[in-house]
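Quick notes on the structure that follows.
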Amino acid sequence: MPVAFFRTLSCAAALLLTTGPMVAAEGLAGAYLAGRAATYDSDFAASAQYYTRALVRDPQNVVLMENLVYARLAMGDIKSALPVAQRMWEQGVQSQVANLVVVGNLALSEDYDALLGRDEAQFPISPLVDGLLDAWAYMGRGAVSDALAQFDSVAENDEGLRFFALYHKALALASVGDYEGAEELFAANGGQLGRSSRRAVIARVQSLSQLGRNDEALEVLVDSFGSGFDPALSVLADQLAAGETLDFAIAPTARDGMAEVFYSLAQAMSGGAADDYVLMYTRMAAMLNPKHVDAILLSAGLLDQLGRYELSIETYKQVPRDHPDFHAAELGRAEALRRAANPQAAQEVLEQLVRDFPEHMAVYVDLGDLKRQEEDYAGAAAAYTQALELGDETASNRWFLFYARGICNERLKNWQAAEDDFRAALAIDPDQPQVLNYLGYSLVERQVKLDEALSMIERAVAARPDSGYIVDSLGWVLYRLGNYEAAVGHMERAVELMPVDAVVNDHLGDVYWAVGRHLEAEFQWKRALSFPDAADANDEADPERIRRKLDIGLDAVLAEEGAAPLQVANDDS
């Protein structure tokens, strides 16, 4: 969908914290500055607290009012945001967030006369929002002809808005039982409108079912999503196959339609506008329609991306357990818990999901990823095995499950199983650079099939020339093959790409030593020790081994380890 017409912001906080009167009073300044800091950190609760405190000292300050309204809306609390937003309206203050809150409250109260009577020129949200809200307000009044004319007016005034206007017109027609009219719009231009989004597909499917055309509705569902339905789509498919008539549930009332206005804009802006800006729209959609699970999920995901994990977790929990998308909410909640540094709670959520949805592959994938991140490689491998057994054998992304399980097997020192998994991944995607790099690097470390390993890593570098890890692998395999001079340039490039990585700097030090550049080698080893990740001893960047190289040199360390000296490796090459 086109998004150029949106009044987008680089950051909602930037809008709220720019121009305005200087806050100078002692005490007031402290609360104001603390509120600014909290807003930049997306800490909405703290922001609301500090701006409330500041407003007590300066109740007419527009900047403070606007920031407070935004913080409370971002928290999903329109009732607390409303009094300040209304005060801004009474003072004639131009504020998009205040306009959104006041208009949203009118929609929440189903005060359609007030909605239609508002001064849109003085208190605008955006041309699309204002125009579509007017159309739905007419629907709420029962003035269907006026509503349809308003939808058409929005569509005709701006080609960029046409798609949204026609989608909402189709929903409005279906909401009053004109499913034929809705289907005509959905099916036009090869069904373009009817497959423009997940909710558009579902709306069309529900309309077709109301027309007694379940077979056609099922075809639309399969054509749009393929055969790999998630639980929510599976419920719809099963109902259609059983001959049940689906309720029209996307926007059955005018208030639901208004919620859909805010959600459809949020969905279109997501990924293109700032997350905190999009959040205003998703929060309003969910407040107008508490059953709008898609709005709840999008709000929770945005909060997660903003780093407000507690709010994200709380929002995911709003999805009822008996809702078909409950599993999606729980997957999101588990991810938020993991990002909040609570992996144990995240694992408990996922393990409960495994019990509740034993046939759902995505749950096992997420459980495997979590266990792998927590270095429970045996548990992760078992989860990936379950996912592979449940998944579609023709799926193009199936390579990742073999790759992830291969990593687990390699860490468990089950090398043959690991190599089998990596080669299975390459059988699906022969040019996948992650797999080529990992397998090639592993072969080099095991000192087997070195020519094949070199070829794999060269292909990986060709695909990802700016990946420091992969370029490092190429330099390292050349070093292992004794081609030290050729290794230098690649290792130097790897350090350029990853200047503060302990492993890469340690590798460059070894390569420098091998070509006789001993002072530069010692400098790189010292750099490797200076980085935080060097404190975590591992097989690739062991701080004790690096210190030993600084004390006695790489040649002596190799002799202590029983490895072939560098000059022998050169002779063999």
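Here are the numbers for this structure:
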{"quantity": "Residue match in segment 161-179 (condition: touching a helix residue (DSSP H, G or I) at 6+ places or on another chain (Cβ under 7 Å), more than 30 Å from PRO358 (Cβ to Cβ) and among the acidic types (Asp, Glu))", "calculated": "no"}
{"quantity": "One residue from LEU298, LEU236, LEU240, LEU311 being assigned to a helix (DSSP H, G or I), of a type in the set (A, V, I, L, M, F, W, C) and in contact with a strand residue (DSSP E or B) (Cβ under 7 Å, 6 or more places away or on another chain)", "calculated": "LEU298"}
{"quantity": "Residue in segment 400-407 that is under 23 Å from LEU450 (Cα atoms), over 25 Å from the mean Cα position of the chain (by Cα) and of a type outside the set (Lys, Arg) present", "calculated": "yes"}
{"quantity": "Residue in segment 296-307 that is touching a residue at least 24 places away in the same chain (Cβ under 8 Å), among the aliphatic types (A, V, I, L, M) and closer than 21 Å to GLN373 by Cα present", "calculated": "no"}
{"quantity": "Unmet requirement for ALA251, which otherwise passes all of (1) surrounded by fewer than 16 Cβ atoms within 10 Å (Cβ to Cβ); (2) small (Gly, Ala, Ser); (3) assigned to a loop (DSSP other than H, G, I, E, B)", "calculated": "(1)"}
{"quantity": "Options GLU389, GLU374; residue that is under 25 Å from the mean Cα position of the chain (by Cα), surrounded by fewer than 16 Cβ atoms within 10 Å (Cβ to Cβ) and under 25 Å from GLN352 (Cβ atoms)", "calculated": "GLU374"}
{"quantity": "Test set (1) buried (at least 19 other Cβ atoms within 10 Å of the Cβ); (2) within 23 Å of ARG545 (Cβ to Cβ); (3) modelled with pLDDT of 95 or more; (4) not aromatic (Phe, Trp, Tyr) - ALA418 fails condition number", "calculated": "(2)"}
{"quantity": "Filter result (surrounded by fewer than 24 Cβ atoms within 10 Å (Cβ to Cβ) and under 18 Å from MET139 (Cβ atoms)) within segment 255-287", "calculated": "ARG255, ASP256"}
{"quantity": "Count of residues meeting criterion [assigned to a helix (DSSP H, G or I) and either at positive phi or not charged (D, E, K, R) (or both)] in segment 331-359", "calculated": "15"}
{"quantity": "Residue tally, condition surrounded by 15 or more Cβ atoms within 10 Å (Cβ to Cβ) and under 16 Å from ARG204 (Cα atoms), over segment 220-233", "calculated": "6"}
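To keep it simple, each residue is scored yes or no on (1) under 24 Å from PHE164 (Cα atoms); (2) of a type in the set (Lys, Arg).
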| position | (1), (2) |
| --- | --- |
| ALA74 | no, no |
| LYS79 | no, yes |
| PRO83 | no, no |
| GLU90 | no, no |
| LEU108 | yes, no |
| ASP111 | yes, no |
| PRO124 | yes, no |
| LEU128 | yes, no |
| MET139 | yes, no |
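The values are calculated or read from the model by the stated rules, or taken from the named source; none is laboratory data. Note that this is a predicted model, so its numbers are computed, not measured. A quick note on method: Cβ atoms are made from the backbone with ideal geometry, for glycine too, and the neighbour counts reach across all protein chains shown.
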